[in-house]
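Report on the following structure.
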Amino acid sequence: MHSYWPYYFSLEADVEKLSRYVEFTESNFSTYSIEMVRLYLSICSEIDVVLKELCKEISPELSAKNINNYRQIISDELKDFNGQAAICYKYGLSFIPWKSWEENISPDWWSNHNKVKHQRNEFYNKANLKNVLESLAALYLVNIYLEFVKDKKLSHGFTFSIIDTIPKIPVQLEMFRVNNLFAYIRE
């Protein structure tokens with residue numbers, strides 16, 4: 001198991017606990033709290049770490065230092081990454097957290113994270129349910145794509161898509177799925 005999955009599952013469990021207090025529906029997306037600030041900052045920090053690792057796996061010779069570098073490296077190599085959806089069947093929600101990369105701009109949830117991180121007094125309300133869930137969906141996808149890139153190298157090109165990798169990754173709470181249920185069938 002890759003070392004990033006246990007931390008992801010820890011964050012996912014903490015987010016899942018929120019559902020006992022705030023219903024995960026679009027009508028509650030603007031709900032914010034100190035717990036969501038903690039989760040939001042932790043999730044986005046982990047996204048930064050895993051994106052850096054993904055870029056290093058894709059192009060070890062390039063230096064990826066920020067979200068714009070990550071976008072260039074990942075978008076050039078992983079053509080389906082930007083449009084990949086993370087679906088939360090349990091709550092009837094779906095996110096395409098990297099969609100804005102198709103227009104060469106940072107996702108809103110990432111920009112809002114920076115506002116919360118650097119100007120919390122002014123942007124405290126940006127640590128809301130929507131941004132927490134969308135950033136967790138983004139982290140889920142980044143972890144999958146990191147496993148895919150590593151798996152592709154190990155299989156000498158016989159791993160063709162993330163669907164080939166998903167059965168090999170650990171499963172725990174399963175808050176999110178990619179839009180292909182057959183990928184989650186295990187032997």
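The values are calculated or read from the model by the stated rules, or taken from the named source; none is laboratory data. Here the structure is a predicted model, which means the values were calculated and not measured. Here Cβ is always computed from backbone atoms with ideal geometry, including for glycine, and neighbour counts include all displayed protein chains. Each accessible area value is taken on the protein alone, full model and side chains, heavy atoms only, with ligands, DNA and RNA left out. Shrake-Rupley method; radii C 1.70, N 1.55, O 1.52, S 1.80 Å.
Our summary gives segment 15-128 a relative contact order of 30 percent, counting only alpha carbon pairs under 8 angstrom and 6 or more residues apart.
Could you tell me how many cubic angstrom of Cα convex hull volume segment 1-95 has per residue?
Expressed per residue, the convex hull around the Cα atoms of segment 1-95 is 129 Å³.
Compared with the dominant Cα axis of the chain, that is its longest principal axis, helix 67-77 is turned about 30°.
Across the chain the C-alpha pair distances fall into 5 Å bins from zero in the proportions 1, 8, 17, 21, 21, 16, 10, 4, 2, 0, 0 percent.
Most tightly packed first, judged by the mean number of other beta-carbon atoms within 10 Å of their residues, the peptides 13-20, 110-117 read 110-117, 13-20.
Counting only protein heavy atoms and a 1.4 Å probe, tell me what percentage of segment 64-187's accessible area is made up of carbon and sulfur. Carbon plus sulfur share of accessible area: 49 percent. Here the Debye sum runs over all C-alpha atoms of segment 24-70 as equal scatterers in vacuum, and log10 of I(q)/I(0) at q = 0.13 Å⁻¹ comes out as -0.45. Per residue, the accessible area of the chain comes to 52 Å² when a 1.4 Å probe rolls over the protein heavy atoms.
Each part reduced to its alpha carbon centroid, segment 3-51 and segment 86-157 end up 11 Å apart.
Taking packing as the residue-averaged number of other Cβ atoms within 10 angstrom, the listed peptides 38-45, 174-181 run from highest to lowest as 38-45, 174-181. Comparing Glu102, Glu122, Glu26 in a Gaussian network model of the chain (Cα springs below 10 Å), the most mobile by mean-square fluctuation is Glu122.
Sorted largest first, the spans of the alpha carbon positions of segment 103-142 along the three principal axes are 30, 23, 12 Å. Work out, in µm²/s and without decimals, the Stokes-Einstein translational diffusion coefficient of segment 70-139 at 25 °C, 0.890 mPa s, Rh from Kirkwood over C-alpha pairs. D, rounded to a whole number, is 190 µm²/s.
Principal axis extents of the C-alpha atoms in segment 110-187 (largest first, rounded to whole Å): 49, 23, 18.
Calculation over all alpha carbon pairs of segment 1-56 in 5 angstrom steps from 0 returns a P(r) of 4, 15, 25, 22, 15, 10, 7, 1 percent. The phi torsions of segment 78-90, fed into the Karplus equation with coefficients 6.51, -1.76 and 1.60 and a -60° offset, translate into couplings of 10, 4, 8, 4, 4, x, 6, 8, 10, 9, 10, 4, 4 Hz, rounded to whole numbers, with Gly and Pro shown as x.
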